[in-house]
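Read-outs: derived from the displayed coordinates by stated rules, not from any lab. Small disclaimer: the values here were computed from a predicted structure and weren't measured. All Cβ positions, glycine included, derive from the backbone under ideal geometry; neighbour counts span all protein chains shown.
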Amino acid sequence: MPTDAVTVLVDQDLTPTQMRNLEKATGVEVLDRSMVILSIFQRHARTREAKIQVEIARLVYMAPRLREANAGTERQRGGIGGKGAGESVLELGRRAVRDRIAELRRSLVVVQREADVQRSRRSGSTTQTVALVGYTNAGKSRLMRALTNNAMYVADQLFATLDTTVRALVPETRPRILVSDTVGFIKALPHDLVASFRSTLEEARDASLHLHVVDASDPAFRTQYDVTRQVLGEIGAEDHPRLLILNKCDLISEPQRAALAEEFSEAVMMSAKSSEDVSALHGQIRDFFERSMEEEEFVIPYDQQGKVALLHERCRVLEERYDEDGAHVRVRAPAALLGGLRREI
Ligand SMILES: Nc1nc2c(ncn2[C@@H]2O[C@H](COP(=O)(O)OP(=O)(O)OP(=O)(O)O)[C@@H](O)[C@H]2O)c(=O)[nH]1
Ligand SMILES: [Mg+2]
């Protein structure tokens, strides 16, 4: 055992007893897998929903592990007929944790409702959304930044993103295409932490297209790919149209690249660092949505010109001419969106 170690990390979950024994044997702090993941989540949780979810996960994890040593001894609480008489300090501690969890769950419901409203507002104005999904560190945020020209947090560390960020594809398209970044998947995510993924996963479930990003330079990328597919399956998002992106191709040799191109003939081989690769991907995303688009001509009477503006906002206007009966506007837009517009106009 090296004497200068300050922390021992165990890539598995430990029982409270195992942890205590290890700490006794090593004399330093011991963190198990869930605790490490939780502390990473905690450091990167930025929105209110993420913070609450991480805090709940942390408390749920802690509750059975509250130690007698921390809570005091099993001594009985005195007091004159007090409500807690007869309860141990430990039980009181556990009750406080349970109450706090219940309180957090209530505020979570409120926060999630707000997020749902925002999501449906977005899907009302446009149906074209792309979600970047994939294992942690695959390069999703970097790719997102390249596709949307927006500064975003990219870091060479696990879980640089906990919350979904949504941006418009740049150069902008008509109608707009929104891209959302999601938190990275990991294998064997502790069950109690699954809820922390919820908002991110929901974003992926709502998306029309998934960009499944893998780090082609990581020897373990096949397992990482499987983990991601499996989790998407668990939330019912396995049948989404998707593009497989073999990213970080700048880090592999030419023969490796050729072998991968053969093995994954459908995949996009690229580097998020290359602006040519990024604009080629931009084109593929545009093509995907283009395929689901149709053309339609709307005739808008002169007393309803607001609707012309609506068409400009939501569709690509191909032609606009003015006749006696009103404005004839020929547009191209996703079939689903056209259906809605037909009803509205
Ligand atoms: N060489 C090279 N590095 C890349 C490429 N794409 C991303 N990176 C780097 O890989 C690291 C991780 O990238 P991120 O974009 O943060 O990865 P992520 O998938 O968003 O990770 P999480 O948010 O943790 O899920 C960063 O240091 C990036 O700069 C690439 O194509 N080539
Ligand atoms: Mg990220």
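In loop segments of the stretch 25-66 as defined by DSSP, there are no trypsin sites (Lys or Arg not before Pro) with at most 10 further C-beta atoms inside 10 Å of their C-beta. Each of Tyr322, Leu341, Gln305 was placed along the dipole of the stretch 293-344 (beta-carbon charges, centred on the mean Cα), and the one lying farthest toward the positive end is Leu341. When Met270, Met19 are sorted by how many other C-beta atoms sit within 10 angstrom of their C-beta, beginning with the fewest, the order is Met19, Met270. Within the stretch 163-253, none of the chymotrypsin sites (Phe, Trp or Tyr not before Pro) combine a DSSP coil assignment with at most 13 other C-beta atoms in a 10 angstrom radius.
Taking 10 °C and 1.306 mPa s as conditions, the stretch 127-290 diffuses translationally at an estimated 101 µm²/s according to Stokes-Einstein applied to its Kirkwood radius (Cα pairs). Taking amide hydrogens as placed 1.01 Å from N in the peptide plane, the amide H of Val8 sits under 5 Å from those of Glu29, Val30, Leu31, each at least 5 positions away in sequence or on another chain. In bins 5 Å wide, starting from 0, what share of all Cα pairs of the stretch 293-344 does each bin hold, as a percent? Percent of Cα pairs in each bin: 5, 23, 35, 25, 10, 2.
At 0.36 nm per residue, and after removing the present C-alpha to C-alpha distance, how many nm does the segment from Glu313 to Glu254 gain when stretched out fully?
Between Glu313 and Glu254, full extension yields an extra 16.7 nm.
Go from 0 up to the bin containing the longest alpha carbon distance in the stretch 211-260, width 5 Å each, and give me the % of pairs per bin. Percent of pairs per bin, in order: 5, 20, 27, 22, 13, 9, 4, 1. Each residue of the stretch 269-279 was assigned a 3J(HN,Hα) from its phi angle through the Karplus expression (A = 6.51, B = -1.76, C = 1.60, θ = phi - 60°), giving 8, 7, 10, 5, 7, 9, 5, 5, 4, 5, 6 Hz with x at Gly and Pro.
Dipole size in debye (nearest 20) for the stretch 293-344 around its Cα centre, Lys and Arg Cβ +1, Asp and Glu Cβ -1?
The calculation lands at about 280 debye.
Summarising the label geometry, the points placed 7 Å from Cα in the beta-carbon direction at Leu92 and Gln304 lie 6.9 nm from one another. Bridges between two residues of the stretch 127-290, per DSSP, are antiparallel at a rate of about 20%.
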